[in-house]
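What follows is a set of notes on a single structure, which appears directly below.
The values are calculated or read from the model by the stated rules, or taken from the named source; none is laboratory data. Keep in mind that what you see is a predicted model, and the values were worked out from it rather than measured. In this analysis, Cβ positions are derived from the backbone assuming ideal geometry, glycine residues included, and neighbour counts consider all displayed protein chains. Ligands, DNA and RNA are stripped out before the accessible areas are found, and what is left, the full protein with its side chains, is counted by its heavy atoms. Shrake-Rupley method; radii C 1.70, N 1.55, O 1.52, S 1.80 Å.
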Amino acid sequence: NKVNMELFIKRHKELWRRTDFIISVLSGFLFLIGSLVINYFAGIYATERASNTVTDIILDNLPTVNTEFIFVQGIFIFLLFVVWLLIKEPKQIPFVLKTIALFVIVRSIFITLTHLGPPADNSFANYTGIIKKFTFGGDLFFSGHTGLSFLMALIFWEKKYYRNIFIAISILFGAAVLLGHLHYSIDVFAAFFITDGIFRIAKRLFIKDRQLFLS
């Protein structure tokens with residue numbers, strides 16, 4: 001309605017007039033762009049050096065299922081939802097951008113350490129287009145789909161409705177990459193624990209942004 005729209009516009013005007021907010025948003029965007037560049041080269045490095053596949057107690061007992069819609073379209077729908085939340089509440093932008101960037105950098109470091117080949121009978125070969133610009137097949141540990149959605153649950157933890165949505169999405173993504181044999185089980189289960197650590201670091205690194213987020 002008209003009142004909500006006026007409040008929405010007022011929130012944006014008040015924040016975008018602040019120099020410190022603009023600088024924080026710009027630095028967040030630059031940090032995110034830099035992290036994606038690092039992720040790109042880390043993914044190429046890990047995939048080029050990928051060794052043989054290994055056995056996995058869960059995957060060995062799961063048939064390969066085509067989960068392309070969830071893996072590809074699902075992540076874009078998820079990201080659009082996050083963008084909508086940030087547009088709705090612009091004060092959340094700096095902390096979310098910087099925390100996602102930190103997540104991407106940490107994951108980039110992890111995927112360069114151990115170079116396992118993709119799980120046997122994986123359905124990754126079926127995926128084409130823009131998704132292969134960000135996912136290469138050898139960048140396995142840890143699951144970005146699972147971790148990123150769980151990261152959003154941690155960020156929005158105080159808002160129960162959004163928290164539950166993001167937890168459900170992380171479980172859905174985790175199940176999808178396992179059913180598609182796109183990740184080993186350790187990639188999925190470890191994502192929750194590593195992501196929690198990343199979030200705790202982000203709260204210490206980006207204190208002012210977190211305070212603004214919670215204000």
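Among the residues of segment 172-207, those identified as of a type in the set (Gly, Ala, Ser), closer than 24 Å to Ile93 by Cα and buried (at least 22 other Cβ atoms within 10 Å of the Cβ) are Ala191, Ala202.
Out of segment 171-215, which residues are among the small types (Gly, Ala, Ser) and outside any helix (DSSP H, G or I)?
Gly180, Ser215
If only residues of segment 33-66 that are touching a His at 6+ places or on another chain (Cβ under 8 Å) and of a type in the set (S, T, N, Q) are counted, the one that is modelled with the highest pLDDT is Thr64. Does Thr47 qualify as being hydroxyl-bearing (Ser, Thr, Tyr) and in contact with a Gly (Cβ under 7 Å, 6 or more places away or on another chain)? Yes, satisfied. Contact annotation: residue pairs with Cβ atoms under 6 Å, 6 or more positions apart or on different chains, pairing a residue in segment 89-103 that is within 13 Å of Lys203 (Cα to Cα) and in contact (Cβ under 8 Å) with a residue 12 or more places away in the chain with a partner that is part of a helix (DSSP H, G or I) and charged (D, E, K, R), are Pro94/Asp209; Phe95/Asp209; Phe95/Arg210.
Please determine, by comparing only the residues of segment 67-111 that are modelled with pLDDT under 90 and open to solvent by less than 40 Å² (accessible area, probe 1.4 Å), which one is farthest from the chain's Cα centre (by Cα). Ranking the candidates gives Thr67 first.
Annotation: Ala168 fulfils all but one of (1) touching a residue at least 40 places away in the same chain (Cβ under 8 Å); (2) assigned to a helix (DSSP H, G or I); (3) open to solvent by 10 Å² or more (accessible area, probe 1.4 Å); the unmet one is (1).
A residue that is in contact (Cβ under 8 Å) with a residue 40 or more places away in the chain, open to solvent by 40 Å² or more (accessible area, probe 1.4 Å), on the phi > 0 side of the Ramachandran plot and over 12 Å from the mean Cα position of the chain (by Cα) occurs somewhere in segment 112-122. Residues that are open to solvent by 10 Å² or more (accessible area, probe 1.4 Å) and not in a helix (DSSP H, G or I) within segment 141-165 comprise Phe141, Trp157, Glu158, Lys159, listed in sequence order. Annotation note: of Ile171, Ile201, Ile155, the sole residue that is at pLDDT 95 or above, in contact with a Leu (Cβ under 8 Å, 6 or more places away or on another chain) and among the β-branched types (Val, Ile, Thr) is Ile201. Just wondering, is there one or more residues in segment 66-79 that are touching a residue at least 60 places away in the same chain (Cβ under 8 Å) and farther than 24 Å from Ala120 by Cα? Within segment 66-79 (the criterion being touching a residue at least 60 places away in the same chain (Cβ under 8 Å) and farther than 24 Å from Ala120 by Cα), the answer is yes, since at least one residue qualifies.
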